[in-house]
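S.K.: Here it is, the structure, as structure tokens.
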Amino acid sequence: MIDMILVQIFVLISLAMLAAIICNLIKVPSVVGEILVGIAISNLAIGGVTLYSAMQLGDPNSTEVFSVLSELGIIFLLFTAGLITPFHELKKVGGTAVLAAIGGVAVSISLVYFAMMAFGFTTMQSIFLGVALGSTSVGIAARAMEQLGVMGTMEARVIISAGIIDDVIGLILLAIISGTAGGGEINILDTAIVGILAVAFVLVSMYICTLISKFRRTDVCKIALSKPRKQSLLSPLPFALIICFGLSAMATYLSLAAIIGAFLAGMMFAEFRDIWPSEEKFNSLKEFLVPFFFLFIGINVSLSAFGTGNAWLIAPVLVVLALAGKIIGGGLGARKLGSRSALIVGSGLTPRGEVTIIVAAMGLEVGVLTAGQYGALVAVVIVIAVIAPFLISWAFKRKDKFRNAKSMKFKE
């Protein structure tokens, strides 16, 4: 088995690297190329055989291996995002991130719900479609901003933080609609417990970050850290991995997304990045694993599903509503940063991903959504995954052009 898996890894990484090179040459974010390569692998056939079939990627053993690699990729991506977002910096944008997250979720759900009701969909179908498109895929946004070199900006911190809050909100909404799916009743106690655990985990982690930040600035810590050591008992990278995996595992144990724990772990470790620099070594692991996440977003797309029912009819409408919901709602929540920064935040919250697919799959499984509606949601995820990096890049460049023009005018 190992020989075939090694061949699969070789081919996938080679294709991802080739896509990244082409994307860099034509000034396109590499995440776009990675997703499109994934779609091509599973859908384009030569002589009736796809590369997906030829490489036996559907084999249960292979699927499990690459699922793990994919999850590790997104965990490492969010950990490194946290590494450049110390908690004392995050506190400066925390209120704005909360408002941007709530605004983006509320406006997105509202727009989709009322539009789908107007199309004649049932109330439950409209709710499922709205909730599915309420959350943000912070991984796609982080990848795009990382490649633009803007991860250290205030807007990027707001986007990542709001995306994490989105996941918590999405978890609570998922618990609510799962109770109503198939005619069931909402279990208020279970929903409350899920919500309390999610919020408590984030708050406790942030409180620990506060304690670490305060300790880091004490004289005792400064003296202890300034003492020369002949040999370190624990190098930064293993310690970083312990913190990352520990909080990620704790998040999944509480039924939260692992990326929430990874981001919080990164923030904790960020307080010591000047004395325990691990970012460069961690980046090597991340650069190897992250492409698997985006490759498998594309690989899991079946283009044939788009032809069922009315997928092609409602997909363009859902794309427009999904983009508008985050740009308007997220932008309004971040309006105190200024109109151009608010546009960046709204644009950064537009990607959709795993939460959308999970809600869509649940709706299809219980018979609330049709195959066409499920296909439409998958189409929305892919289309916005391709559009969002361009949108984020445009919004950042728009602000830079304005700042440069203003600077030139001032000099004159």
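S.K.: Give me the distance in nm between label points sitting 7 Å out from Cα along the Cα-to-Cβ direction at Asn300 and Glu64, one decimal.
M.R.: Label-label distance for Asn300 and Glu64, simple model: 1.8 nm.
S.K.: How would you rank Arg352, Arg398, going from fewest to most other Cβ atoms within 10 Å of each one's own Cβ?
M.R.: Arg398, Arg352
S.K.: If we count other beta carbons within 10 Å of each Cβ, what is the order of Val199, Val345, Val368, fewest first?
M.R.: Val199, Val368, Val345
S.K.: Given Lys92/Lys399; Lys286/Lys326; Lys326/Lys399; Lys281/Lys397; Lys91/Lys286; Lys92/Lys336, which pairs have Cα atoms separated by over 22 Å?
M.R.: Distance filter (> 22 Å) returns Lys286/Lys326; Lys281/Lys397; Lys91/Lys286.
S.K.: Now a separate question. Along Cα→Cβ, 7 Å out, is where each label goes; now give me the distance between the ones at Trp394 and Ile208 in nm to one decimal.
M.R.: Reported label-point gap for Trp394 and Ile208 is 4.1 nm.
S.K.: Per 0.36 nm of contour for each residue apart, how much would the distance between Ile26 and Asn283 grow if the chain were fully extended, relative to their Cα-Cα spacing?
M.R.: Here the segment from Ile26 to Asn283 would lengthen by 90.1 nm.
S.K.: Could you let me know the centre-to-centre spacing of the range 100-116 and the range 351-379, using Cα atoms, in angstrom?
M.R.: Computed from Cα coordinates, the inter-centre distance equals 17 Å.
S.K.: Further question on the same structure: Can you tell me which of 45-55, 118-128, 3-13, 332-342 comes out highest on packing, and rank the rest after it, using the mean Cβ neighbours within 10 Å?
M.R.: Per-residue mean Cβ counts within 10 Å order the peptides as 332-342, 118-128, 3-13, 45-55.
S.K.: Suppose the chain between Phe239 and Ser110 were pulled fully straight at 0.36 nm per residue; how much longer would it get relative to their current alpha carbon spacing?
M.R.: That pair, Phe239 and Ser110, stretches by 42.1 nm at full extension.
S.K.: Still on this structure: Can you give me the convex hull volume of the Cα atoms of the range 68-165, divided per residue and expressed in Å³?
M.R.: Dividing the Cα hull volume of the range 68-165 by its residue count gives 111 Å³.
S.K.: Separate question: Count charges around Ala106 for me, please; just the other residues with Cβ under 14 Å from its Cβ, Lys/Arg as +1, Asp/Glu as -1.
M.R.: Taking every Cβ under 14 Å from that of Ala106, the sum is 0.
S.K.: When Leu99, Leu364 are ordered from fewest to most other Cβ atoms inside 10 Å of their Cβ, what list results?
M.R.: Ordered by Cβ neighbours within 10 Å, fewest first: Leu364, Leu99.
S.K.: What list of ³J(HN,Hα) values in whole Hz, one per residue of the range 71-84 in order, does the Karplus curve 6.51 cos²θ - 1.76 cosθ + 1.60 (θ = phi - 60°) give from phi, with Gly and Pro shown as x?
M.R.: 5, 4, x, 6, 5, 5, 4, 6, 5, 5, 5, x, 4, 9
Read the figures in this text as sums done on the coordinates, not as results from a lab. This one's a predicted model, so the numbers in the text were calculated from it and none came from an experiment. Reconstructed Cβ throughout: ideal geometry from the backbone, glycine too, with neighbour counts over all protein chains shown.
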